[in-house]
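What follows is one structure encoded as structure tokens, with my remarks underneath.
Here, each number is a calculation from the coordinates, and none is a lab measurement. Since we're looking at a predicted model, the values are computed, not measured. Positions of Cβ are generated from backbone atoms using ideal geometry, with glycine treated the same way; all protein chains shown enter the neighbour counts.
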Amino acid sequence: MGFSKLIFWQDTFILQKMMDALFDSAKTGFEIAIFMTGILCLWMGFMKIGEDGGAVRVMSKLVSPLFSRLFPEVPKGHPAIGSIMLNFSANMLGLDNAATPAGLKAMKDLQELNPNPKTATNAQIMFLMLNASGLTIIPVSILAARAANDSESPASVFLPILITTFFATLGGLIYVSIKQKINLFDKVILAYIGTLTLAVFGLISALNSYPENIDVISSVVSNTIIFGIIAFFFGLAIRSKINLYDSFIEGAKGGFEVALNIVPYLIAILAAVALFRASGAFGDLMTGIREVLFFFGMRALEFVDALPVIFMKPFSGSGARGLMIETFENFGVDSFTGKLAATFQGSTETTFYVLAVYFGAVKITNTRYAAWAGLICDIIGGVTAIIVAYLFYA
């Protein structure tokens, strides 16, 4: 695109713009990564205290009755149940370092029950869907990225992300349950899902009734929940006589490693997008999408500039994170587009990465409808994020 502008439109400055954008993006990526290191170390330290203090075990006990019905083919007391609940609880707490090993162990435990080792079982597909939907209580990396970009209220996206990821998970659960003939009207399942659904709809209804107070309510509730969870972690740790300092340091070291691993991917995606944007191709693509949507009767198109994040999310979490930060840089971290990009980033997990890692670990080649289940979560998450964004951010 850059060379075509140079040759056909005689834009002699286009290559200089592209090179400037390339080097500026590398500098920006490194500066953001440095700031994120401190935030990630802080949060991972908190998370480690919660893990050592028994928060994951408590959450596992809370979801045990539900899981026994979502995985009917897994015998009661089988080691897979413990691994699944540990993985799910760790994901909800944002404990990536604990979630991935537990997830791999869960897949291997489930594989022991697999009569056809090359084909995914119902239980494995249900497990992968729950991972791909990305239901998370505390989106640590997103809050850290917003703080690193000087957001006035980093936690203001907390409730929108929670609502979005809930509906993505609910949609995937309904799809997989229909495929597997799981009775969603079971009283235990209804009690769990119904309570959560009523709570989410009640929250949306309350916010919709007082639109002028959405920012205040969202900020207060979000920060109250986050501080409450931190206090819960510390309370359990003190009760369990855990050395808070040692746990925090161990977790913080993990945060440093996470931040270090992010740097190459962050700079790579920021550089690629910077070149794409500086060449004019990015603007042309967004204009094309706007024209198509306008042709079909859509008028409120502020969400279009954040779409690259949700397009990238099924394939690469680090790539989507880079696009989110690039959106912050170009539109402002607290702009409608910036907040929607953060909501997109927190809506679901990286579907194809999750499928590749977990199925690859047990050498399953026939994944049946697992990819469709993940993509349904992605689509529902994306659509819900746009709707919620207009409720909270517009």
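Modelled spin-label separation between TYR245 and ILE204, with each label point placed 7 Å from Cα along the Cα-to-Cβ direction: 4.8 nm. In this simple spin-label model, placing a label point 7 Å from the Cα along the Cα-to-Cβ direction at both LYS187 and GLU291 gives a separation of 6.0 nm.
Only lysines eight or more places from LYS108 in sequence, or on another chain, were considered; those with a Cα closer than 29 Å are LYS48, LYS61, LYS76, LYS118, LYS179, LYS181, LYS253, LYS313, LYS363. The residues packed around VAL157, meaning those with a beta-carbon under 11 Å from its beta-carbon, carry a net charge of +1 if Lys and Arg are +1 and Asp and Glu are -1.
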